Amino acid sequence: AKEKGRNQVQLFENGMNIRAVNMMKISGELHQALEKNQMELYYQPQFSLSDGKLVGVEALVRWNKPGAGLVYPGDFIPLAEQTGMILPLGQWILESACRQLQLWHARGLGPLRMAINLSARQFRQPGLVQDIASLLDKLKLDPESIELEITESMLMEEMEMAVATMASLSSLGIKLAIDDFGTGYSSLAYLKRFPIHRLKIDKSFIKDLARENEDAAIVASIITLAHSMKIAVIAEGIENEYQLQQLGRQACDEGQGYLLAKPMPAEEIEPLLCQDFRY
Ligand code: C2E
Ligand code: CA
Ligand code: CA
Ligand code: CA
């Protein structure tokens, strides 16, 4: 039994090493990916549901990994978060998205809002607000056209710091959206403490909307409560007509999803930004 115990410890330690080695390997790969320009932002349109107009885009990162094709963020963002690579990567994302928006504005496209996802580590990074302020200043970009998406869990841990960071961002004029809303543990009562401009209803609630189950009730109550607090609502993951109709009936302000438009590279989305594009 003693022998077996020792073997198990050994195995466990080897397992840890493999994990650590893997993390270092991926961290190095991500570092290279940034240097070699293998990261790319895709943009998914966000539409007003009252008139169908394109009002904004969400930047979504992809990795053009040689030999592996397009790698989706679910396969590297969590690792980048663990290794700390999310900080340089997140900085690149912020800068690239802002530059793209400036380019589009300079060409007369828009007015357009750019939604950018922030990771937990980025959000807690001291200097984030200053970095963003200097970036917007450098690019002469209107802060009102930038929306940062953060998740509920990022608000709930170290709440005082979260309140302070959001207050600073908000005083710059930047908009703040709560992503994946409804999946975390925050209650709407907490939201009063934060300067929030938009709730993004998580796609898991939109998925089963057609079945008229609890999800329909949850979505309806999120919208009603948000509106009573003067917070706008966007639904993500709209994949069919029924969901779109239902959300429209419930006075959901905006929507995003494959039914309306997929995430696209910058060149592909440009024709949609040109005129008064509606879904
Ligand atoms: P998210 O922020 O909740 O982004 C929405 C995800 O839903 C995106 O996946 C998008 O492509 C996908 N989606 C859009 N429309 C539909 C639809 O109709 N149905 C379904 N089922 N899915 C839809 P993606 O691009 O793979 O991103 C996954 C997650 O990775 C994001 O979830 C976000 O948490 C993270 N992520 C993506 N880009 C960034 C980034 O630039 N920075 C950070 N920190 N995280 C990012
Ligand atoms: Ca998001
Ligand atoms: Ca989301
Ligand atoms: Ca998500």
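Brief remarks follow.
- Global form of the range 165-214, assessed from the alpha-carbon gyration tensor, a/c cut-off 1.5: prolate
- Cα gyration tensor shape of the range 141-279, rounded if a/c is under 1.5, else prolate or oblate by comparing a/b with b/c: oblate
- Each of 78, 54, 234 was scored by the projection of its Cα onto the charge dipole of the chain, and the greatest displacement toward the positive side belongs to 78; charges sit on the C-beta of Lys, Arg, Asp and Glu.
- Counted residue by residue at 0.36 nm each, then reduced by the alpha carbon distance between them, the extension gain from residue 190 to residue 140 reaches 14.6 nm.
- Modelled this way, with points 7 Å down the Cα-to-C-beta line, the labels at residue 276 and residue 197 are 2.4 nm from one another.
- Mean Cβ count within 10 Å, highest first, over the residues of peptides 256-266, 136-146, 61-71: 256-266, 136-146, 61-71
- Cα gyration tensor category, rounded, prolate or oblate, for the range 41-138 with a/c compared to 1.5: oblate
- Counting 0.36 nm for each residue step from residue 168 to residue 25 and taking away their Cα separation leaves a gain of 47.8 nm.
- Percent RCO, i.e. relative contact order, over the chain, from Cα pairs under 8 Å lying at least 6 residues apart: 19 percent
- When the range 103-214 is described by a simple charge dipole with +1 on each Lys and Arg Cβ and -1 on each Asp and Glu Cβ, the residue from 136, 123, 209 located farthest towards its positive end is 136.
- Of the residues 24, 154, 85, the one that moves most in a GNM of the chain with alpha-carbon contacts below 10 Å is 24.
- Counted residue by residue at 0.36 nm each, then reduced by the alpha carbon distance between them, the extension gain from residue 157 to residue 103 reaches 15.8 nm.
- Sites matching trypsin sites (Lys or Arg not before Pro) across the range 211-279 that sit in DSSP coil, with at most 16 neighbouring C-beta atoms within 10 Å: 230
- Volume of the Cα convex hull of the chain, divided per residue and given in Å³: 174 Å³
- Between the beta carbons of residue 221 and residue 75, assuming R0 = 45 Å, the FRET efficiency works out to 0.85 to the nearest 0.05.
Values quoted throughout were computed directly from the atomic coordinates according to the rules given, and no laboratory measurement underlies them. Since this is a predicted model, take the numbers as computed values, not measurements. As a convention, Cβ positions derive from the backbone with ideal geometry for all residues, glycine included, and neighbour counts pool all protein chains shown.
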